[in-house]
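Following: one structure in structure tokens, then a few remarks.
The values are calculated or read from the model by the stated rules, or taken from the named source; none is laboratory data. Predicted model only: the values in this text are computed from it and were never measured. Note: ideal-geometry Cβ built from the backbone for every residue, glycine included; neighbour counts use all protein chains shown.
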Amino acid sequence: MKERSLLITGGLGFLGSWTVEEAVRRGYKVIVVDALTYAANPENLSSLKVKFVVPSVRHLWGVLRVEDRRAFPVSDPPNYDGYGRVEDVEREVEEFLSSPLDALVILASVEDYELMKRLMPYVEGVIHLAAETHVDRSIEDAWDFVRAEILGFYSTVDAFRRVKGREGRFLLVSTDEVLGEVMEGALDETAPLMPRNPYAAAKSSQEHFAQSYINTYGLPITIVRPTNAYGPRQHPEKFVPKIIINALRGLPIPVYGDGRQRRVWIYAPDVARGIMDIYERGNFPDIYHIGSMDELENLALVRKILRMMGKGEDLITFVEDRPGHDRRYSLNWEKMRRLGWYPKVGLDEGLLRTIEYYAERYANRPSVRR
């Protein structure tokens, strides 16, 4: 194992890539395991010196489902064309750790249990971010969430248990949604898990597994629950990017129900900084909430973004509410204050940076109404 080395799963995703950047900024060499699913983007790490490799033997992506005596894959495998395939992953890791590179990205699934065990000796700790995260998709079909959140987390944490044991640190990034609807006040880290949608249930399963491994094996696992993150690099299906992109194109902006659902918003790089602060200075095992003072209704957020973009509210389109839509989330994040962390980027500044990011990428694309 090399000191100042980290394994970050899901490091090509939105929050994952910001966490990789923050870790590198603090002097860590980072090994990333990412399956390159639809929400991942290699360009998210374009500011770093990175090498991409694909293990020649890897976990079979997806699972076959049988209907009417026919078997077919639940999801198509990612396309790894154009990336170098390697026979000896350990050799790649050893060369990386003594190289000037910032990160080694291994394009593979965290469900690959043997791969995860092979990587553990080379890192001092793990930050687990690999997950499916879009609630709407979980409502349509929860299988990918069961696979990624539950099977993927089990593979990673059990590999850590068998190789690292009580050495190092394991940080699981969860979500405020595991605590369910909070109509008044704010919940602290002792609140019971009350998930109300399949995504939140899958993340709650991770937390239950983590607690069982803490109690049974004494593993140094800490859980982090951030509130709603936003910022550059977020997938266009998410709420803030969809508002901005649709406004740029003059397309209707869908708002669920009456739009009175309340959320607490936090700029993604601030979340990444909080994750690394916990990894470096937090207690293991423990639970931490990452939050902010920027709470507002969804409809108010849409109107705010439209004003910042100079667009009219006529783009707002109310649509049927999604099943089980929680009205409000709110976390007490006093423990993070005591740790010395607080958000540095307020909502107005963060939204401006986010608008500029998507305007640069989408402003000149043609508007298509269907």
Go through the residues of segment 246-258 one by one and say whether even a single one is over 14 Å from the mean Cα position of the chain (by Cα), within 23 Å of Lys117 (Cα to Cα), surrounded by fewer than 22 Cβ atoms within 10 Å (Cβ to Cβ) and not aliphatic (A, V, I, L, M).
no
Among what's in segment 1-21 and is over 10 Å from the mean Cα position of the chain (by Cα) and part of a loop (DSSP other than H, G, I, E, B), pick the residue that is modelled with the lowest pLDDT.
Met1
Name, by its number, the condition in (1) out of contact with any helix residue (DSSP H, G or I) (no Cβ under 7 Å at 6 or more places or on another chain); (2) modelled with pLDDT of 95 or more; (3) surrounded by fewer than 16 Cβ atoms within 10 Å (Cβ to Cβ); (4) not small (Gly, Ala, Ser) that does not hold for Glu295.
(3)
Those residues of segment 317-339 which are surrounded by fewer than 18 Cβ atoms within 10 Å (Cβ to Cβ) and either in a helix (DSSP H, G or I) or among the β-branched types (Val, Ile, Thr) (or both) amount to Thr317, Val319, Glu334, Arg337, Arg338, Leu339
From Arg169, Arg162, grab the single residue that is surrounded by fewer than 18 Cβ atoms within 10 Å (Cβ to Cβ), out of contact with any Asp or Glu (no Cβ under 7 Å at 6 or more places or on another chain) and closer than 30 Å to Arg4 by Cβ.
Arg162
Report yes if some residue within segment 154-170 is touching a residue at least 40 places away in the same chain (Cβ under 8 Å), closer than 14 Å to Pro285 by Cβ and among the polar types (S, T, N, Q); otherwise report no.
no
Kindly check whether there is at least one residue in segment 275-293 that is without any contact (Cβ under 8 Å) to a residue 60 or more places away in the chain and farther than 15 Å from Arg337 by Cα.
no
Tell me which residues, restricted to segment 205-221, are under 17 Å from the mean Cα position of the chain (by Cα) and either basic (Lys, Arg) or surrounded by fewer than 21 Cβ atoms within 10 Å (Cβ to Cβ) (or both).
Ser205, Glu207
Sort through Gly180, Gly168 and tell me the only one that's farther than 29 Å from Gly346 by Cα and either small (Gly, Ala, Ser) or modelled with pLDDT under 95 (or both).
Gly168
Any idea which of Val57, Val50, Val24 is surrounded by fewer than 24 Cβ atoms within 10 Å (Cβ to Cβ) and modelled with pLDDT under 95?
Val57
